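*Asks:* Have a look at this one.
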Amino acid sequence: MGFLISRLGQTILVLFVAAFVSFALFRYVGDPVNNMVGQAASLADREAMRQALGLDDPTLLQFGRFVGQAVQGDFGISYRFGQPVAQLLAERFPATLELSIVAMIIATGLGIPLGVWTALHRGSWIAQALLTLSLIGVALPTFLIGIVLILVFSVWLGWLPSFGRGEVVSIGGWTTGLLTWTGIKALILPSITLGVFQLTLIMRLARAEMLEIMRSDFIRFAKARGLRRRTIEYGHALRNTLVPVVTIVGLQFGNVFAFSIIVETVFQWPGLGLLIIQAIQFADVPLLAAYLVLIAFCFAVINLAVDVLYAWIDPRVRAAGMGRSAA
Amino acid sequence: MSALLEVENLRVEIAARARRLVAIDDVSFSIPEGEVLGVVGESGAGKSVTGTAILGLLERPAYQAGGRIVFRGNRIDNLDGEAMRALRGREIAAVFQDPLTSLDPLMTIGAQLVETMLTHLPIDRQEAWTRAHRLLAEVGIPAPRERLQSYPHELSGGMRQRVVLALAFCCEPKLIIADEPTTALDVSIQAQVLDLLKRMCRERGTAVMLVTHDMGVIAEAADRVAVMYAGRLVEIGPTSEILRAAAHPYTQGLMASIPTMRRRGGDLLQIPGSMPRPDAPVPGCAFHPRCSHVMDRCRSERPSSFVSGASLAACWLAEHGAPAARPRP
Ligand SMILES: Nc1ncnc2c1ncn2[C@@H]1O[C@H](COP(=O)(O)OP(=O)(O)O)[C@@H](O)[C@H]1O
Ligand SMILES: [Mg+2]
C-alpha cells in the first residue's frame, strides 16, 4: 500500500512538471493575443483581450489557473480548428489508443513466445531463421513496412483497406472500430505496421533474458534438484524472464502511443498523430500544449501500471516498497 | 563391500576453438555409503567439474570423454536424460556454493521444497507441506511454519543455505555433492552450517562429496580426503593420515598452510608458482615445476598412483611404498 502511495506521489509530480512545460509553451511561445485576434486588431482591443485572458496577472497565478482549467479538461480553443482543444483530442484519442493497444498485443503475444522459443532451441535452424528475420524487422523503416503491406494486401490482393478506420461505433462518447467488421479490417495493417518493430524488440529481449536466466545458479540448482525440464523452463526460467520484459513492454507502449504519427500518416488513420502533424504545421499552440499534457499523462499511467505489475510478479519489489524508477 | 559411488578413470574435456582441453584427466575414487569424502585443491583444479560430471550436468563445451561413473552398482554416466533427472535430487543431491543465488527468487521456499518432493516422491501435496515444515524445523529455521511462505530474499545468507540443505535432503538421497557449501558464507556461520550438514548426514547415513579449498573444513568434517591438482587426483587417503603424514609434496604444501588458513582470507598455500591451466598442460607430473623434490623422470613420465600407507599418491617418491618425506613438524 505504501508502495502504491509513493508511486502515485511520483506520478503526480511528473504530471505537474509536464503541465508546467506545457503552460510555458502556451504562455510564452508566440503572443497568445496575436494568435487569437490577428494582426489587424487595435491596441485597445488587444489590451482588453489581455485583461480578459488574465495575461497581466502574476505567472504563478496564471499557472494555477492553467492547472485548474486543465484538471476540468479545459485547454482552450484550437487556433486552427476553432473548437475546444479537449473536444478535438477526445475525438482522436480512441483511434490512437486502439491502434496502439492492438499493436502491442500483437508484439507481446508473439514476441515473448518467439523469444522464449528461440532461446530454448538455440542452434536449431528455425531459431536462426527467426533471429535473422527479426534483424530485418529492426532495420526496416516503419513507413516502408506500411507501404509494402498496403501494396500487397490492399493493391494486389484487395483484401484489406489501405486507409481510414472503417465504420466506428460510438459507446458513451468513445468511438471504437473493434465492433464492426470494416473497423477490424481497417485496423489490421496499421497495427501490424506499428507492431513489427516492437515485436522484434520484445522477441530479442525475451530471448536474451531467457538465455541469461537459463545460465543462472538457481536454474542449475533446479536441475540438480531433478525437476522436470518443462517445470524448469516454464515454471522458473520464464517467470524470471518476464520481470524485465514487462518493464520494456510498458515503456514501449508509451513510445508506440506517442510515436504512432508515422503509421497514422501512411494509413491516414484519424488519430492523435495526424491531428498533431496539423497542429505543428499551424503552430496551434493550445493544441500542442494539451497534447503534451495528455502524452505525459499516458506515460504516467503506463508507468504506474508497470510498477504495479512488477510488484505483483516480483516479491522483492513488493517488499522493498520501491520498484525500479521509471524512465 | 561395493562402494556407493565409484568414479573410474574419469576424463572430462572442454571443446575449445581448435582443440580439446583436458579438464579432468584419469580421475578414480570411490565413496562408500555414509562416508564424507573431502575434495581439496586450488581453484581451477577440477573439483567442481568432477562434481558436475557425477551429477550428469556437464554442459557444452565440457563433456565426459572417458571413464565410468557407477552408483549403487549401476553405471549412471550413460543414462538417458530422463533417467538421470529422476536420479538427481532423489538419490544424488547437490548443494552449491552460493546460497544467495541457488533459490528461485520468485517462489516461496515452501513451494520450492514441495515442488522438489512432489517431483520425486509418491506423496500428496498436503504430506509434502507437512514434510517441508518438518525439514525447515530440522535445519534450524526459526518459526518454520511462517518461513514456508517467505521468499528467498527475506532470509539471510546462512538461513538460505539451511534452506538449500533442506532441499538437498528432502528426498532422502544417498549421496550429496556439496560444492564449497560454506565458502560464500560469513565466517561466523560457516561452522554452524558445516555442523548441520555433518549432523544430517550422520543421522541419515548420507554420503557426501565435500568439495572445498579450506583445509580447516576437511580436518573438521571429512573421513577421507582426495587432493586434486590440475585436473588429476594426486593423493587420496584417510583424513588423519593425510593430515599427519601426507605422501605427495603438493599435499604437504597444502597441510603446511593450515595454520594460516585458520586466519582465513589468506592464500591457500605458500608453494611458489601457479597451477598449470588446461590450455597449457605440463608433461610428466603436473606438479613438477613447483616441486622441491623434483627428479628427472618427473619431467617426462607421469606417475601413476602408488600405495603409501593407507593412502594412494601419484608421485614417483611413493613408488616404493615409502612416504615421500618426513611427517610434518
Ligand atoms: N564451461 C567451461 N569452459 C571452459 N573451461 C572450463 C569450463 N568449466 C570448467 N573449465 C575449466 O576447467 C578447470 C577446472 O575447473 P573447476 O572444476 O571449476 O575448478 P575448481 O577446482 O576450482 O572447482 C578450470 O581450469 C576451468 O577453467
Ligand atoms: Mg569450484
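The values are calculated or read from the model by the stated rules, or taken from the named source; none is laboratory data. All of these numbers come straight from a predicted model, not from anything done at the bench. Glycine also receives a Cβ, built like all others from the backbone with ideal geometry; neighbour counts cover every protein chain displayed. Keep in mind that these areas ignore ligands, DNA and RNA; they rest on the heavy atoms of the full protein, side chains included. Shrake-Rupley method; radii C 1.70, N 1.55, O 1.52, S 1.80 Å.
*Asks:* Only residues that are hydroxyl-bearing (Ser, Thr, Tyr) and either open to solvent by less than 20 Å² (accessible area, probe 1.4 Å) or more than 23 Å from B:Ala53 (Cα to Cα) (or both): list them for segment B:92-125, please. Walk me through how you get there before you give the answer.
*Replies:* Here is the first cut: in segment B:92-125, the residues hydroxyl-bearing (Ser, Thr, Tyr) are B:101-102, B:108, B:116, B:119.
B:Ser102, B:Thr108, B:Thr116, listed by residue number.
*Asks:* Right, here's the next one. If you check every pair at least six apart or on different chains, which have Cβ atoms under 7 Å apart with a residue in segment B:46-58 that is in a helix (DSSP H, G or I) first and a residue that is among the charged types (D, E, K, R) second?
*Replies:* Once the first residue is in a helix (DSSP H, G or I) and sits in segment B:46-58, its partners that are among the charged types (D, E, K, R) give B:Ser48/B:Asp179; B:Gly51/B:Asp179; B:Leu55/B:Arg88.
*Asks:* Suppose we keep only residues that are surrounded by 15 or more Cβ atoms within 10 Å (Cβ to Cβ) and within 14 Å of another protein chain (Cβ to nearest Cβ) within segment B:72-83. Which one would you say is nearest to ligand 2 (Cβ to nearest atom)?
*Replies:* Of the residues in segment B:72-83, the ones surrounded by 15 or more Cβ atoms within 10 Å (Cβ to Cβ) are B:72, B:76-77, B:79.
Then drop every residue that is not within 14 Å of another protein chain (Cβ to nearest Cβ), which leaves B:76, B:79.
Numbers: B:Ile76: 21, B:Leu79: 24 Å.
If we take residues in segment B:72-83 being surrounded by 15 or more Cβ atoms within 10 Å (Cβ to Cβ) and within 14 Å of another protein chain (Cβ to nearest Cβ), then B:Ile76 is nearest to ligand 2 (Cβ to nearest atom).
*Asks:* Of the residues that make up segment A:225-236, is at least one more than 30 Å from A:Phe81 (Cα to Cα) and in contact (Cβ under 8 Å) with a residue 60 or more places away in the chain? Lay out the reasoning, then the answer.
*Replies:* To start, the set of residues in segment A:225-236 that are more than 30 Å from A:Phe81 (Cα to Cα) comprises A:225-236.
Next, from what is left, pick out any that are in contact (Cβ under 8 Å) with a residue 60 or more places away in the chain: A:233.
So far as segment A:225-236 goes, yes, one or more of its residues are more than 30 Å from A:Phe81 (Cα to Cα) and in contact (Cβ under 8 Å) with a residue 60 or more places away in the chain.
*Asks:* Turning to a different aspect of this structure: Sort out which residues of segment A:221-246 are within 10 Å of chain B (Cβ to nearest Cβ) and of a type in the set (A, V, I, L, M), and write them in order of number. Spell out how you get there, then give the answer.
*Replies:* The first filter runs over segment A:221-246 and keeps only residues within 10 Å of chain B (Cβ to nearest Cβ), leaving A:221-229, A:231-232, A:235-237, A:239-240, A:242-243.
Within segment A:221-246, A:Ala222, A:Ala224, A:Leu227, A:Ile232, A:Ala237, A:Leu242, A:Val243 meet the criteria.
*Asks:* While we're on this one: Hey, B:Ala168 hits all of (1) modelled with pLDDT of 95 or more; (2) farther than 20 Å from B:Ala191 by Cα but one; which does it fall short on?
*Replies:* For B:Ala168, the failing item is (2).
*Asks:* Still on this structure: Which members of segment B:31-68 meet the condition of being touching a strand residue (DSSP E or B) at 6+ places or on another chain (Cβ under 8 Å), more than 14 Å from chain A (Cβ to nearest Cβ), within 24 Å of B:Ile218 (Cα to Cα) and not charged (D, E, K, R)?
*Replies:* B:Ile31, B:Pro32, B:Gly34, B:Val36, B:Leu37, B:Gly38, B:Val39, B:Val40, B:Gly41, B:Ala45, B:Gly46, B:Thr50, listed by residue number.
*Asks:* Then there's this: In this structure, is B:Asp214 within 13 Å of another protein chain (Cβ to nearest Cβ), within 16 Å of ligand 1 (Cβ to nearest atom) and either closer than 20 Å to B:Ile141 by Cα or touching a residue at least 24 places away in the same chain (Cβ under 8 Å) (or both)?
*Replies:* Values: within 13 Å of another protein chain (Cβ to nearest Cβ): no; within 16 Å of ligand 1 (Cβ to nearest atom): yes; either closer than 20 Å to B:Ile141 by Cα or touching a residue at least 24 places away in the same chain (Cβ under 8 Å) (or both): yes.
Taking the combined requirement at face value, the residue does not satisfy it.
*Asks:* In segment B:24-44, how many are of a type in the set (Gly, Ala, Ser), more than 10 Å from ligand 2 (Cβ to nearest atom) and open to solvent by 30 Å² or more (accessible area, probe 1.4 Å)? Break it down stepwise before answering.
*Replies:* Taking segment B:24-44 first, the residues of a type in the set (Gly, Ala, Ser) are B:28, B:30, B:34, B:38, B:41, B:43-44.
If we keep only those that are more than 10 Å from ligand 2 (Cβ to nearest atom) as well, we get B:28, B:30, B:34, B:38.
This time we only want the ones that are open to solvent by 30 Å² or more (accessible area, probe 1.4 Å), so: B:28, B:30, B:34.
Here the count works out to 3.
*Asks:* Considering only segment B:173-260, give the strands (runs of 3 or more DSSP E) lying wholly within it that have at least 3 residues that are surrounded by 22 or more Cβ atoms within 10 Å (Cβ to Cβ), in contact with a Lys or Arg (Cβ under 8 Å, 6 or more places away or on another chain) and among the polar types (S, T, N, Q).
*Replies:* On the way: elements: B:175-179, B:207-211, B:224-229, B:232-238.
Strands (runs of 3 or more DSSP E) meeting the threshold: none at all.
*Asks:* Moving to a separate point now. For A:Phe153, are the conditions met, namely being outside any loop (DSSP other than H, G, I, E, B), touching a residue at least 40 places away in the same chain (Cβ under 8 Å) and open to solvent by 40 Å² or more (accessible area, probe 1.4 Å)? Give the steps one after another, and end with the answer.
*Replies:* Numbers: outside any loop (DSSP other than H, G, I, E, B): yes; touching a residue at least 40 places away in the same chain (Cβ under 8 Å): no; open to solvent by 40 Å² or more (accessible area, probe 1.4 Å): yes.
For A:Phe153, the condition - outside any loop (DSSP other than H, G, I, E, B), touching a residue at least 40 places away in the same chain (Cβ under 8 Å) and open to solvent by 40 Å² or more (accessible area, probe 1.4 Å) - is not met.
*Asks:* Still on this structure, I have one more. Could you tell me which of the residues A:Ser100, A:Ser124, A:Ser134 is more than 23 Å from the chain's Cα centre (by Cα) and hydroxyl-bearing (Ser, Thr, Tyr)? It would help to see each step written out before you state the result.
*Replies:* Numbers: A:Ser100 fails: more than 23 Å from the chain's Cα centre (by Cα); A:Ser134 fails: more than 23 Å from the chain's Cα centre (by Cα).
Matching residue, one of A:Ser100, A:Ser124, A:Ser134: A:Ser124.
*Asks:* OK, next. Of everything in segment B:45-71 that's small (Gly, Ala, Ser), over 17 Å from B:Ala15 (Cα atoms) and within 16 Å of ligand 2 (Cβ to nearest atom), which residue is most open to solvent (accessible area, probe 1.4 Å)? Can you show your working first?
*Replies:* Kept after step one, since they are small (Gly, Ala, Ser), are these residues of segment B:45-71: B:45-46, B:48, B:51, B:53, B:56, B:62, B:65-67.
Those still in the list that are over 17 Å from B:Ala15 (Cα atoms) too: B:45, B:48, B:51, B:56, B:67.
Still in the list and also within 16 Å of ligand 2 (Cβ to nearest atom): B:45, B:48, B:51.
Working: B:Ala45: 1, B:Ser48: 53, B:Gly51: 5 Å².
That would be B:Ser48.
*Asks:* Name the one entry in A:Pro286, A:Pro270, A:Pro315, A:Pro244 that is without any contact (Cβ under 8 Å) to a residue 24 or more places away in the chain and not β-branched (Val, Ile, Thr).
*Replies:* Numbers: A:Pro286 fails: without any contact (Cβ under 8 Å) to a residue 24 or more places away in the chain; A:Pro270 fails: without any contact (Cβ under 8 Å) to a residue 24 or more places away in the chain; A:Pro244 fails: without any contact (Cβ under 8 Å) to a residue 24 or more places away in the chain.
When all the criteria are applied, what remains is A:Pro315.
*Asks:* Could you check, for segment B:11-21, whether at least one of its residues is outside any loop (DSSP other than H, G, I, E, B), open to solvent by 30 Å² or more (accessible area, probe 1.4 Å), more than 25 Å from A:Asp217 (Cα to Cα) and out of contact with any helix residue (DSSP H, G or I) (no Cβ under 8 Å at 6 or more places or on another chain)?
*Replies:* For segment B:11-21, residues outside any loop (DSSP other than H, G, I, E, B), open to solvent by 30 Å² or more (accessible area, probe 1.4 Å), more than 25 Å from A:Asp217 (Cα to Cα) and out of contact with any helix residue (DSSP H, G or I) (no Cβ under 8 Å at 6 or more places or on another chain): present.
*Asks:* Restricting the first residue to segment A:80-96 and requiring it to be over 19 Å from A:Ala258 (Cα atoms), which pairs with a second residue that is among the hydrophobic types (A, V, I, L, M, F, W, C) meet a Cβ separation below 8 Å and a spacing of at least six or different chains?
*Replies:* Taking only residues 6 or more apart or on different chains, the pairs are A:Arg80/A:Ala279; A:Arg80/A:Phe282; A:Arg80/A:Leu287; A:Phe81/A:Leu88; A:Phe81/A:Leu287; A:Gln83/A:Ile77; A:Pro84/A:Phe75; A:Pro84/A:Ile77.
*Asks:* Scan segment A:265-278 and tell me whether some residue there is in contact with a Cys (Cβ under 7 Å, 6 or more places away or on another chain), more than 10 Å from every other protein chain (Cβ to nearest Cβ) and in a helix (DSSP H, G or I).
*Replies:* In the first step, residues of segment A:265-278 are kept if they are in contact with a Cys (Cβ under 7 Å, 6 or more places away or on another chain); the result is none.
No, that holds for no residue.
*Asks:* Enumerate the helices (runs of 4 or more DSSP H) found wholly within segment B:86-167, keeping only those where 1 or more residues are more than 9 Å from chain A (Cβ to nearest Cβ) and in contact (Cβ under 8 Å) with a residue 40 or more places away in the chain.
*Replies:* Numbers: elements: B:99-102, B:109-120, B:125-138, B:144-147.
Per the criteria, B:99-102, B:109-120, B:125-138.
*Asks:* A follow-up question, please. Only one of A:Val249, A:Val285 is more than 14 Å from chain B (Cβ to nearest Cβ) and under 27 Å from A:Thr176 (Cβ atoms). Can you tell me which?
*Replies:* Working: A:Val285 fails: under 27 Å from A:Thr176 (Cβ atoms).
Unique residue meeting the criteria: A:Val249.
*Asks:* Let me ask another. When you look at B:Ala230, is it within 16 Å of ligand 2 (Cβ to nearest atom) and closer than 28 Å to B:Ser308 by Cα, yes or no?
*Replies:* Working: within 16 Å of ligand 2 (Cβ to nearest atom): yes; closer than 28 Å to B:Ser308 by Cα: yes.
Answer is yes for this residue.
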